[in-house]
Each structure stands twice: as C-alpha cells, then as structure tokens.
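Report on the structure given below.
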Amino acid sequence: MNLPLFIGLRYTKAKRKNHFISFISLISMAGIALGVMTVIVVISVMNGFNKEFQERILSTVSHATISAFKGDHLENWQNALDQVKGNPQVQGAAPYIQTEGMLQGFRTEGALVQGIMPELETQVTEFQNSMRYGTLDDLQSGEFNIILGVDLAAHLGVGPGETVTLYVPEFRTTAVGVTPRLKRFTVAGIFEVGMYEYDFKLALIHMEDARKLLRIPSGSAEGVRIKVDDLMQAPKIARDLAPELDGFYRIRDWTQEHVNFFKATRTERMVMFIILSMIVAVAAFNILSTLVMLVTEKQSDVAILRTLGLSGTQVMGVFMVSGTLIGLIGTTIGTLLGIVMALNINSIIQTLEGWFNTEFLSKEVYYITEISADLRTADVLTIVGIAFGLSILATLYPAWRASRVEPAEALRYE
C-alpha cells in the first residue's frame with residue numbers, strides 16, 4: 001500500500017488524545033452531509049416546480065407561432081398552415097384570433113379573448129383535457145358561445161348556460177356618439193388549467209365569431225400556432241421552418257414568448273444553488289480547522305517520519321488523505337440521503353402535515369398543491385463534484401503546514 005495513504009488512513013481511524021479534534025471531525029462530516037443533502041433536495045424540488053409550471057403553461061400555449069410580418073393579420077392562414085404541416089417534426093397547427101376585451105356578468109372584468117377553431121385547437125393545446133364543464137366542440141360558429149376560465153367565471157358570477165356581454169376595443173359611431181362594439185355570449189363551458197394567468201384572464205370563443213365581432217376579412221387570422229414533437233427543440237425547429245414559409249411571415253417560439261418567466265426561474269435556481277453551496281463550503285472549512293489541530297497534535301510523529309526519510313510531499317499526502325476521507329464520507333452520506341429524500345419528498349411532506357396538523361400548500365392559496373421533485377443526474381454530479389472539490393481544497397493549507405515542520409524544532413522538548 002502507498003505509505004502516505006496507509007498512514008493517512010491510520011490517522012483517520014485512530015483514537016486521538018484530544019477528543020475535541022474527533023468531535024470537530026464528526027461535525028465536519030455531518031456538516032458536509034447535511035449541506036449536500038440540502039442542496040440536492042432543494043434543487044430537485046425547484047426543478048420539479050419549474051417543470052410543473054412549464055408543463056402547465058405550455059399545455060395552453062403553442063410551441064411556436066406564425067404571424068404576419070407586416071400588418072395585423074394573416075390574409076391566407078390556410079396557406080401557412082399547409083406549409084408547416086409538411087414538416088415531419090410538426091405534430092399540429094391551428095389558426096387563432098386574439099384580442100383584449102371587457103366581460104360583464106354580475107361583475108365586470110378585463111380578459112384576453114381567443115378565437116379558436118375547436119377541431120384544430122386540440123392539435124396544439126391541452127384545453128380539452130382541462131375542461132371542468134363542457135367541451136371545445138360546444139363552440140359552434142354563429143352561436144356566440146364562450147368558454148371561461150374557472151376563476152374568471154367565479155369572479156363574473158356566471159355559470160354554464162348564463163350569458164355575459166363582451167366589449168371589445170373597436171369603436172363605432174352611432175346617433176348617441178362613439179360606443180364600443182359589444183356582443184352577448186352564452187357560457188358553454190369552464191376550464192381549469194391551474195395557472196392564475198389563464199384561469200382568471202382567458203376566455204375562448206369560436207374563431208368565426210371573433211372574426212365577425214372584430215370585422216376581420218374572411219379567410220384571415222391573427223396567426224397560426226404550432227405544436228412540435230420535441231418541446232426543447234422548438235427554437236431550432238422554428239428556425240428551420242422560417243425558410244420553408246412561402247411569404248412574409250414572422251415565426252416565434254415559446255422561449256421568446258415567455259422569455260421573462262423562464263429567465264427568472266433560471267436565475268432564481270442559480271442563485272439558490274450558490275447560496276446553498278455556501279453551507280457545503282462552511283462545512284468543508286471545518287475540515288481545515290480539524291486538520292490544523294491534527295497537525296499540531298502529530299508534530300512529533302511528523303518529525304520522526306521526516307527523520308526516517310519521508311519527504312515533504314509525502315507528509316502532505318498523509319494529511320490530505322485524512323481530510324479527503326472526511327469529505328468523501330460526508331459527501332457520500334449526504335448524496336444518498338439527498339437522493340432518498342428527493343425521491344420521496346411528497347410522502348415526507350404528507351407525513352409532516354399529519355404530524356403538525358397543517359397544510360403547507362393550501363388549495364385556497366396555491367395552484368400547485370403537491371411538492372414534486374425532478375432529480376437530475378447532472379445536478380447530483382455537479383453538487384458532489386463541488387462538495388468533494390471543496391473538501392480537497394480545505395486540506396491543502398494544513399497539509400502544507402505539516403510538510404514544513406522542522407524535525408529538530410518539533411523534537412526539541414520531547
């Protein structure tokens with residue numbers, strides 16, 4: 001066996017005269033384990049929340065959108081739809097018209113109104129799976145039906161079969177002056193996506209009804225929404241589709257439409273990772289204090305080893321082995337505990353809720369009521385690498401000090 005490794009392992013396992021050093025060693029090991037476990041669990045939970053938000057948002061919006069390069073509307077949306085559907089990576093496409101308006105029931109509330117074609121909309125969004133009442137097929141051309149988000153319907157005080165009045169910012173001149181354009185709609189359905197932005201602010205009507213209300217020429221739409229086979233490849237697919245479009249079109253993917261949200265979550269995750277890594281750093285520096293005291297205790301041993309021919313580099317290796325082993329054990333224990341907790345976080349939260357008779361994520365406050373973790377191998381490897389690297393780094397100074405011990409000075413009073 002390599003001599004520094006052998007002596008380093010003996011020093012780590014041997015009982016010490018100064019029990020405080022042993023206590024600090026255990027604290028260092030426990031601190032690294034706790035830090036690694038905490039970082040793995042928190043980052044996995046943040047990944048889970050981010051994934052849940054992403055899935056909920058992207059279930060109601062398109063992966064990419066085609067709109068007119070100039071002007072407000074696509075004059076021939078069918079042509080653009082046929083062109084993109086020829087791409088094998090495009091799973092579906094559907095036209096839409098979008099406007100802002102004011103809905104009036106028992107109360108009044110602003111809303112984003114989307115005109116859709118129900119038979120094509122199911123190809124690009126998951127609204128059909130989010131319906132609490134009715135179906136998208138209840139939107140029939142000329143019947144002026146409307147589907148509301150669950151919170152929007154509750155705020156307006158209306159339910160299925162009741163009517164709401166939609167005011168749109170298209171003004172007309174009458175005998176009594178300038179008045180907004182309005183139309184009475186019948187509530188045909190209610191959906192619940194689980195996101196405030198949609199459940200409280202979104203309403204769906206048939207695209208032909210939207211065209212009549214907004215006086216858009218026949219055959220025109222505001223744009224075409226696209227769904228691709230690989231969500232994460234949507235930016236690349238959008239760039240590939242652009243040259244294939246025969247006309248003056250503009251194409252945007254979901255990362256551009258919701259860039260602020262995903263930038264914010266990415267920044268939050270990075271900052272949280274750095275903050276939690278400080279826990280590991282503090283625990284790693286406990287190794288430094290442990291080894292400094294160990295070097296002080298073992299000065300006479302080091303001096304004897306030096307007189308027997310052990311080089312300064314080998315002495316450094318002895319104490320680096322001791323400190324690295326502490327970091328390795330702590331990192332391993334923390335990684336195992338972190339993985340187990342991340343994989344069972346929902347059960348752990350439910351148990352804690354039962355013990356304390358409380359609900360951490362109340363349905364009345366939060367749309368996501370279950371904590372889910374998305375454990376990623378790359379994140380775990382990064383955390384383990386940082387923890388182990390800091391442990392090795394913390395051993396350098398004490399090991400260097402040990403290598404500088406002068407045998408004559410250390411043995412003068414022995």
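Among the residues of the stretch 170-208, those that are among the hydrophobic types (A, V, I, L, M, F, W, C) and modelled with pLDDT under 70 comprise 171, 175, 176, 178.
Residue count for the stretch 333-364 under the criterion of being at pLDDT below 80 and in contact with a Ser or Thr (Cβ under 7 Å, 6 or more places away or on another chain): the result is 2. For the stretch 365-393, which positions are under 30 Å from residue 32 (Cα atoms) and modelled with pLDDT under 85? Residues satisfying the conditions are 370, 371, 372, 373. Can we say residue 272 is without any contact (Cβ under 8 Å) to a residue 24 or more places away in the chain, surrounded by fewer than 16 Cβ atoms within 10 Å (Cβ to Cβ) and not polar (S, T, N, Q)? Against the criterion (without any contact (Cβ under 8 Å) to a residue 24 or more places away in the chain, surrounded by fewer than 16 Cβ atoms within 10 Å (Cβ to Cβ) and not polar (S, T, N, Q)), residue 272 does not qualify. When you scan the stretch 127-146, how many residues do you find that are among the charged types (D, E, K, R) and in a strand (DSSP E or B)? Within the stretch 127-146, residues that are among the charged types (D, E, K, R) and in a strand (DSSP E or B) number 1.
Restricting attention to the stretch 220-276, the residues that are acidic (Asp, Glu), within 19 Å of residue 96 (Cβ to Cβ) and at pLDDT below 80 add up to 1. Just give me the residues in the stretch 111-129 being modelled with pLDDT under 90, in contact with a strand residue (DSSP E or B) (Cβ under 6 Å, 6 or more places away or on another chain) and surrounded by fewer than 20 Cβ atoms within 10 Å (Cβ to Cβ), in sequence order. Within the stretch 111-129, 120, 123 meet the criteria. I need a count of the residues in the stretch 186-196 that are farther than 14 Å from residue 127 by Cβ, surrounded by fewer than 23 Cβ atoms within 10 Å (Cβ to Cβ) and not polar (S, T, N, Q). So the answer is 1.
Assessment of the stretch 67-78 against the conditions (part of a helix (DSSP H, G or I) and either in the same structural domain as residue 192 (by TED's automatic domain parsing) or out of contact with any Ser or Thr (no Cβ under 7 Å at 6 or more places or on another chain) (or both)) yields at least one matching residue. All of 84, 124, 61 fail the test of being under 17 Å from residue 197 (Cβ atoms), among the aliphatic types (A, V, I, L, M) and either part of a loop (DSSP other than H, G, I, E, B) or under 32 Å from the mean Cα position of the chain (by Cα) (or both), apart from 61. Applying the selection to the stretch 35-61, what residues are modelled with pLDDT of 75 or more and touching a Lys or Arg at 6+ places or on another chain (Cβ under 9 Å)? The answer is 43, 44, 46, 47, 50.
Only one of the numbered conditions (1) surrounded by fewer than 16 Cβ atoms within 10 Å (Cβ to Cβ); (2) among the polar types (S, T, N, Q); (3) modelled with pLDDT of 80 or more is violated by residue 296, and that is (3).
When you scan the stretch 198-213, how many residues do you find that are farther than 22 Å from residue 75 by Cα and either surrounded by fewer than 16 Cβ atoms within 10 Å (Cβ to Cβ) or of a type in the set (Lys, Arg) (or both)? Result for the stretch 198-213: 1. For residue 309, the criteria (1) at pLDDT below 75; (2) part of a helix (DSSP H, G or I); (3) surrounded by fewer than 17 Cβ atoms within 10 Å (Cβ to Cβ) hold in every case but one, which is (2).
The values are calculated or read from the model by the stated rules, or taken from the named source; none is laboratory data. Because the structure is predicted, anything quoted here is derived from the model rather than measured. Cβ coordinates were reconstructed from backbone atoms using ideal geometry, including for glycine residues, and neighbour counts include every protein chain displayed.
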